[in-house]
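The values are calculated or read from the model by the stated rules, or taken from the named source; none is laboratory data. Computed from a predicted model, the values in this text were never measured in an experiment. Note: ideal-geometry Cβ built from the backbone for every residue, glycine included; neighbour counts use all protein chains shown.
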Amino acid sequence: MLDFNQPSAIVVLMFLDRLRFILAQPKTSVQLCVLGIVAGSSAALLIILFRLAIEHLQLLYLQQVDDFTTMPAFERLFLPFAGVVLILLFAYASGFKHYRTGIPYVIHRLKHSYGYIPLRSTLNQFFGGVLALASGFSVGREGPSVHLGAAASGFIGRWLKLPYNSTRILVGCGIAAGISASFNTPFAAVIFVMEVVLREYRIHLFVPVMLAAACGSVLTRVVFGEASELAFLRFVSLPQWYYLYLVLFGIGLGALATLFNRQLMFLIRATRPLSMVTRLLLAALLTSIVGYMLPQAMGSGVSAIQFVIEQPENLMLLSAILAAKFLLTIGALGLGVPGGVIGPVFGMGALAGTLLLVPLTLWMPQSQDYVSSFALLGIAGLLTAVLHAPLAALSAVMELSFSPEVILPAMLVIVPAYVTSTQLFKNRSIFLQQLEFQKLSYRNSSVQAHLQKTGVLAMMNPAFRLLHNANEQQLLAQLNKYPDHAIIHRREKDDEVEYLYIQYDVSLSTNEETPTRSFPMPAIASQATLAEAYNALQAKRDGAVYIYGKDESDVLGVLTWNQLRNEIMLEQY
């Protein structure tokens, strides 16, 4: 046990105090970068464990990971039910009543709790995600990866009692590392965090998030090898006169994404009155029946993409797999199976891209050589329109194909897919629609968003005078003697303690009996941001809060309303 009277313990405490002061400031620092690496590595190791658990379970009954065609048809009938039973057993053992997990939930927690993820939710996400993916449900592992990455990195911030603004950044680092470790696409992971999760681009966020994503990719390659699961997708350069068709191609993908989002939300709303047990059993029944007939549609989407590359000429079967994948994904996610949407969207995008190549192959048989290219472009267009994340989709296909030549054709698909989805069909991001349905807030005012970026330690005035049960003359004497200090009056009465902020009375009223004014001072923890101080003072728009350390009697400094007002005005101008 650490003895805080020992010199080594005192040095550690002094280092942590200094670290917290540095991290409270909204700027890049060596300390923040180091913590980003630690957070990213922790998240990546948890995601690697998650992936290994899925693979080891699947290889007990599959010849190849995520390939359910190698499993006897009779066994596929019962596999989803076995998975649901185990998911429910673990949920009830942990007292978990409903699944609020995955990317939408993390976005909500990041906006309103600085990324704090409850332990029980994290455990259910880990085991529920492993069982769902091992049981053949059409869900992706990126949802659990984001959730687990946020939980692992957020734990570091809470354990070290870091300012909430820096904990929020560490959670972003964990998410980037989680996605990078899941798909081996570090650049796409960074863009996804900025575009979908944090929804802002700031240089002091970019640097630690990039380092965390790099750590996630490095650790993944150490365990799983250099190549990604979709390394077989290669982009073959298209003739330039194909570019006009790519615009129509993107429009078709935008329409398909709108249909997917609307049907998914329709099922979520329609099955809301049902219990979690009923919904998961219905998802198992659907997966069992469809998976019995078309096992290529089961799983995260990798097997569907492999089938596209191996048998692109089998159009009837490709169409059937796309319809089945569409149905199974909506059924699984809409009925509450723990998992993500991105993996299945990859599979559906590759299938849709290959099928949308058919009109060209009827006219020019040599177009069959571009199956892999159109599969990649299908992924880009559908991912853009479903998530409303065009930059993340563009960077993902670029990394998956290892080819910068995909950028221009992908842009010609992404833009019409996005515009068609948003403007023509009024479609919105599936994550935001899920958040609104669950009544989970994901927006902050511009003032709140700005103030959340700075910790109170960075702006508080550490120069103060603390007086105990002083009279009026003593307070006035302190104001006169220490004009640059904040004067705090600690008043004890009837076993109650009250902290007051003392200042000169500069009002024009002549009826005041004393030349000083006092304001009750709310207590704000040293981990808080300026947003919490603003919330405490905005009702009166005057006065000050005091910042405390170990407990509310450990005063560290003072933060006034005028300081907050000036900070807001600087941001606006």
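Assorted remarks:
For (1) among the β-branched types (Val, Ile, Thr); (2) under 20 Å from residue 366 (Cα atoms), each residue gets a yes or a no:
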position: 218; (1), (2): yes, no
position: 226; (1), (2): no, no
position: 243; (1), (2): no, yes
position: 252; (1), (2): no, no
position: 259; (1), (2): no, no
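- Which listed residue, of 70, 101, 167, 122, is of a type in the set (Val, Ile, Thr) and free of Cβ contacts under 8 Å to residues at least 24 places away in the same chain: 70
- Among the residues making up the range 324-342, those that are under 22 Å from residue 255 (Cβ atoms) and either touching a residue at least 60 places away in the same chain (Cβ under 8 Å) or among the charged types (D, E, K, R) (or both) are 325, 326, 328, 329, 330, 331, 333, 334, 341, 342.
- Test for residue 203: is it β-branched (Val, Ile, Thr) and surrounded by fewer than 20 Cβ atoms within 10 Å (Cβ to Cβ): yes
- Inspection of the range 284-295 finds no residue satisfying the criterion of being in the same structural domain as residue 432 (by TED's automatic domain parsing) and within 30 Å of residue 193 (Cα to Cα).
- Test for residue 102: is it outside the structural domain of residue 278 (by TED's automatic domain parsing), crowded, with 22+ Cβ neighbours inside 10 Å and in contact with a helix residue (DSSP H, G or I) (Cβ under 9 Å, 6 or more places away or on another chain): yes
- Note on the range 276-376: enclosed helices (runs of 4 or more DSSP H) holding 3 or more residues that are in contact with a strand residue (DSSP E or B) (Cβ under 9 Å, 6 or more places away or on another chain) and modelled with pLDDT under 95 are 342-355.
- Filter result (surrounded by fewer than 22 Cβ atoms within 10 Å (Cβ to Cβ), closer than 20 Å to residue 71 by Cβ and free of Cβ contacts under 8 Å to residues at least 24 places away in the same chain) within the range 290-323: 310, 311, 317
- Elements of type helices (runs of 4 or more DSSP H) contained in the range 469-573, each with 3 or more residues being in contact with a strand residue (DSSP E or B) (Cβ under 9 Å, 6 or more places away or on another chain), at pLDDT below 90 and among the charged types (D, E, K, R): none
- Condition check for residue 380: more than 17 Å from residue 304 (Cβ to Cβ), touching a residue at least 24 places away in the same chain (Cβ under 8 Å), under 26 Å from the mean Cα position of the chain (by Cα) and crowded, with 24+ Cβ neighbours inside 10 Å: no
- Test result for residue 40, in contact (Cβ under 8 Å) with a residue 12 or more places away in the chain, under 30 Å from residue 210 (Cβ atoms) and of a type outside the set (D, E, K, R): yes
- Residue count, the range 174-190 (criterion: among the β-branched types (Val, Ile, Thr) and either closer than 18 Å to residue 345 by Cα or outside the structural domain of residue 31 (by TED's automatic domain parsing) (or both)): 2
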